[in-house]
Amino acid sequence: MTRRMSIVTGLLLDVAVASSMNATLRGAWPGTEGAVCPGSIGLSGHGSIQMTNAFWNKPYDPAGEVEVNNGVISVQMKGRTYFSNSCVPGSFSQNRYAELNLLNKRISWTTNVAAAGCGCNAAFYLASLPQNSQVSGCKDFYCDANSVCGVRCSEIDLQEANKHAFHSVLHMAEDGSGVGLGYGGGGSGWNSHRDWTKEQYGPGSSCINTNNPFRVEVSFPVNNVNGKVKLQAMITKVSQDGCTLEASVEMDSYHFNGRSSADELTEALEKGMTPIVSYWSAPDMLWMDGQGADHLGPCQEDNPDLCGESVQFYDFAVEGLPFPLRI
């Protein structure tokens, strides 16, 4: 009995030590589920931004590493990091997350998705984390429109992309599908966005050769509705070496459960949304990169096992639009 207890105790000690070492290597105190602070970046037009790395990708599924070097965010598989005003190692608070009001502004960045093939998703998006008082299943106040960590909130996908597909999508809090623009995706009997083609966007394409980094810009023009500023549209431009692809989605085209998206997403942007960078994969991501019913999409099947180690985001900037209101 004594020998058996000794063996069990030894095994438990080994597990505890391994767990402690893993937490220490990730930058959190042993035994905690706290924040990791990889460093800061510059957000031109705004100032310095601290990054705060998630500890959990999903509840009880550890997040991957995110590194910041010379202003470049390098996200490994399952990594997720939040733009923040400050970062405290080992501690999460919704009050520390950045609150960007992008109404009548544009945000731009450079991304490298060359390592992300079919079934991989290099994402940059906005979510209403600062207004979320629920700690969530990820213990970091994370929320989105698909309730990944158990809490829903408004979400705007600025970039959901790999080297074959690209999408920008508006989400009301209860709408996991949303309405958007871009290229790629679909299934039996339906097609996703077809604003561009595989000849224009993809590896070795004529405009955006995704084997190389490219620039993305997303604008949020507004108009005046009965004396109140309302979000009018989302406009995305993807550029490389003088060639630009552009598409837009109008708020008038997006309703969910009888409600207008303009009210909810205008309010979300006014209150301030947190930019988030992540990298994830799935064997069923054909909604994003599949061929669709018209067979004009890029991917016949998804193979997340072939996703590269990391994707990169850098050279972030925010600036006002040239006109105060969209005419």
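The values are calculated or read from the model by the stated rules, or taken from the named source; none is laboratory data. Small disclaimer: the values here were computed from a predicted structure and weren't measured. Cβ placement follows ideal geometry from the backbone for every residue including glycine, while neighbour counts extend to all protein chains displayed. Only protein heavy atoms, including side chains, enter the accessible area calculation; ligands, DNA and RNA are left aside. Shrake-Rupley method; radii C 1.70, N 1.55, O 1.52, S 1.80 Å.
Could you give every pair whose Cβ atoms fall below 6 Å, whose first residue belongs to region 223-236 and is polar (S, T, N, Q), and whose second residue is modelled with pLDDT under 90, counting only separations of at least 6 or pairs across chains?
Cβ pairs passing all conditions: Asn223/Leu325; Asn223/Arg326; Asn224/Leu325; Gln232/Arg326.
Just to check your reading of the model, which residue among Glu217, Glu199 is part of a strand (DSSP E or B) and either more than 15 Å from Ser168 (Cα to Cα) or touching a residue at least 12 places away in the same chain (Cβ under 8 Å) (or both)? First the steps, then the outcome.
Working: Glu199 fails: part of a strand (DSSP E or B).
The match here is Glu217.
Among the residues in region 176-198, are any over 18 Å from His255 (Cα atoms) and among the acidic types (Asp, Glu)? Talk me through it step by step, then tell me what you get.
Narrowing region 176-198 to residues over 18 Å from His255 (Cα atoms): 182-191, 194-198.
Filter again for among the acidic types (Asp, Glu), leaving 195.
Yes: one or more hits.
Are any of the residues in region 221-232 open to solvent by less than 20 Å² (accessible area, probe 1.4 Å) and on the phi > 0 side of the Ramachandran plot?
Filtering region 221-232 for residues open to solvent by less than 20 Å² (accessible area, probe 1.4 Å) gives 221-222, 231.
So of that shortlist, the ones also on the phi > 0 side of the Ramachandran plot come out as none.
There is no residue in region 221-232 that is open to solvent by less than 20 Å² (accessible area, probe 1.4 Å) and on the phi > 0 side of the Ramachandran plot.
Find the residue count for region 251-269, including only residues that are at positive phi and among the polar types (S, T, N, Q). Show your work before the answer.
First, pick out the residues of region 251-269 that are at positive phi: 257-258.
Filter once more, keeping what is among the polar types (S, T, N, Q): 257.
Here the count works out to 1.
Here is a list: Glu270, Glu250. Which entry is open to solvent by less than 80 Å² (accessible area, probe 1.4 Å), at pLDDT 95 or above and either under 17 Å from Glu160 (Cα atoms) or out of contact with any helix residue (DSSP H, G or I) (no Cβ under 8 Å at 6 or more places or on another chain) (or both)? Break it down into steps so the answer makes sense when it comes.
Numbers: Glu270 fails: open to solvent by less than 80 Å² (accessible area, probe 1.4 Å).
After applying the criteria, what remains is Glu250.
Would you be able to tell me the number of residues in region 252-279 that are among the hydrophobic types (A, V, I, L, M, F, W, C) and either within 24 Å of Val311 (Cβ to Cβ) or without any contact (Cβ under 8 Å) to a residue 40 or more places away in the chain (or both)?
Step one: filter region 252-279 for residues among the hydrophobic types (A, V, I, L, M, F, W, C), giving 256, 262, 265, 268-269, 273, 276-277.
Applying the additional criterion that residues be either within 24 Å of Val311 (Cβ to Cβ) or without any contact (Cβ under 8 Å) to a residue 40 or more places away in the chain (or both) yields 262, 273, 276-277.
Number satisfying all stated conditions: 4.
Tell me which strands (runs of 3 or more DSSP E) are completely within region 71-185 and hold 2 or more residues being charged (D, E, K, R), crowded, with 21+ Cβ neighbours inside 10 Å and modelled with pLDDT of 95 or more, or say none if there are none. Let's see the steps before the verdict.
Numbers: elements: 72-76, 80-84, 105-112, 120-127, 155-161, 166-171, 179-183.
By residue number, 155-161.
Residue check, Asp302 against (1) of a type outside the set (A, V, I, L, M); (2) surrounded by fewer than 19 Cβ atoms within 10 Å (Cβ to Cβ); (3) under 22 Å from Ala122 (Cβ atoms), all met but one. Which one?
Status for Asp302: all satisfied but (2).
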